[in-house]
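Visitor: This structure is in structure tokens; I'll ask about it shortly.
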Amino acid sequence: MGKYIVLLGPPGAGKGTQAEVLSEKTGLAHISSGDIFRENLKAQTELGILAQSFMNRGELVPDDVTIAMIRERLGRPDCSAGAILDGFPRTPAQAEALDKMLHELDGKVASVPYISVPTSILIERLSGRWTCRAQGHIYHSLYNPPKILGVCDEDGSELYQREDDQPATVERRIRVYFEQTSPLIDHYRKAGLLIEIDGTQSIEQVTTTLLAAVN
Ligand code: ADP
Ligand code: ADP
């Protein structure tokens, strides 16, 4: 049965950073809904153009579009053993849809690590975030700097600051998180799947805690 791990936490908690490592260590595919939207935007697909206005405003892309996109992604062969889900689900309707999809794929949500970080720290993390143009690798100017300024260690591509990481949009995204996504914490706690992780630790310490928790 496929093992699907859902990473929960506010924008800037460290989901993408930890999903990269977790995917390497477990061999499970890393699925980032934000990365898929950004790839579609870069390629100017219909999906990307639709998602753009929501992303720029710091709002969620509508559930039906997002769910269809993830359904397609989870149906690919590299997800048959399971996956690390980073940024999906983000609403109760998405969580419900995920359960249905996984049921069809003979999989289930195995655990839900919730990376908890206070709001005051999130702003600082997102304003220093640098993202790799080619594959979305994640850096921070202070907490995880690249070896060469502005260049991705992994693939040599350019690093850029995301449009939606500017303070006004970040505040909006955090508000949206509290309104629409944080109810999932209780949902998964009631299902007995939630594992709370202290996300204020260093990147390496969070990885260690997380690996111990999901194994
Ligand atoms: P999310 O995917 O949850 O939005 P990211 O993984 O993109 O979060 O991390 C947001 C920013 O914070 C990035 O710049 C990343 O390098 C940095 N970061 C991630 N985890 C930590 C940590 N434990 N301590 C300090 N900075 C971190
Ligand atoms: P972060 O790393 O800061 O948590 P993401 O890269 O996950 O941000 O998401 C960026 C944007 O993409 C979101 O603000 C939202 O507009 C859109 N998005 C990503 N995942 C979802 C989702 N599951 N449902 C709706 N919109 C999403």
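The values are calculated or read from the model by the stated rules, or taken from the named source; none is laboratory data. Worth saying up front: this structure is predicted, and the values here are computed from it rather than measured. Positions of Cβ are generated from backbone atoms using ideal geometry, with glycine treated the same way; all protein chains shown enter the neighbour counts. Only protein heavy atoms, including side chains, enter the accessible area calculation; ligands, DNA and RNA are left aside. Shrake-Rupley method; radii C 1.70, N 1.55, O 1.52, S 1.80 Å.
Visitor: For residues that are open to solvent by less than 10 Å² (accessible area, probe 1.4 Å) and within 21 Å of HIS140 (Cβ to Cβ), scanning just region 19-31, find the one that is nearest to ligand 2 (Cβ to nearest atom).
Guide: ALA19
Visitor: Okay, next question. Could you list, in sequence order, the residues of region 73-106 that are touching a residue at least 24 places away in the same chain (Cβ under 8 Å), open to solvent by 10 Å² or more (accessible area, probe 1.4 Å) and not in a loop (DSSP other than H, G, I, E, B)?
Guide: ARG73, ASP78, ASP86, PRO92, ALA93, ALA97
Visitor: Now, a different point. On the given criteria, is THR209 open to solvent by less than 80 Å² (accessible area, probe 1.4 Å), within 16 Å of ligand 2 (Cβ to nearest atom), of a type in the set (S, T, N, Q) and closer than 15 Å to TYR114 by Cα?
Guide: no
Visitor: Being over 24 Å from GLY27 (Cβ atoms) and at pLDDT below 95 is true for just one of ILE123, ILE148. Which residue is that?
Guide: The conditions single out ILE123.
Visitor: Does any residue in region 159-170 that is closer than 19 Å to LYS42 by Cβ come within less than 7 Å, Cβ to Cβ, of a residue that is assigned to a loop (DSSP other than H, G, I, E, B) and open to solvent by 10 Å² or more (accessible area, probe 1.4 Å) six or more places away or on a different chain, and which pairs are these?
Guide: LEU159/PRO146; LEU159/GLY150; TYR160/ARG133
Visitor: Do we find a residue being within 15 Å of the chain's Cα centre (by Cα) and assigned to a strand (DSSP E or B) anywhere in region 11-30?
Guide: For region 11-30, residues within 15 Å of the chain's Cα centre (by Cα) and assigned to a strand (DSSP E or B): present.
Visitor: Considering only region 62-81, I want to know if a residue exists there that is within 30 Å of ALA168 (Cα to Cα) and within 13 Å of ligand 1 (Cβ to nearest atom).
Guide: no
Visitor: So which residues in region 177-206 are among the β-branched types (Val, Ile, Thr), open to solvent by 60 Å² or more (accessible area, probe 1.4 Å) and under 11 Å from PRO113 (Cβ atoms)?
Guide: Within region 177-206, no residue meets the criteria.
Visitor: Out of all the residues in region 113-147, which are open to solvent by 70 Å² or more (accessible area, probe 1.4 Å), touching a Gly at 6+ places or on another chain (Cβ under 9 Å) and either away from ligand 2 (no atom under 16 Å from the Cβ) or β-branched (Val, Ile, Thr) (or both)?
Guide: Hit for region 113-147 is LEU142, nothing else.
Visitor: If you scan region 51-61, which residues turn out to be outside any loop (DSSP other than H, G, I, E, B) and either within 16 Å of ligand 1 (Cβ to nearest atom) or within 15 Å of the chain's Cα centre (by Cα) (or both)?
Guide: MET55, the sole residue that qualifies.
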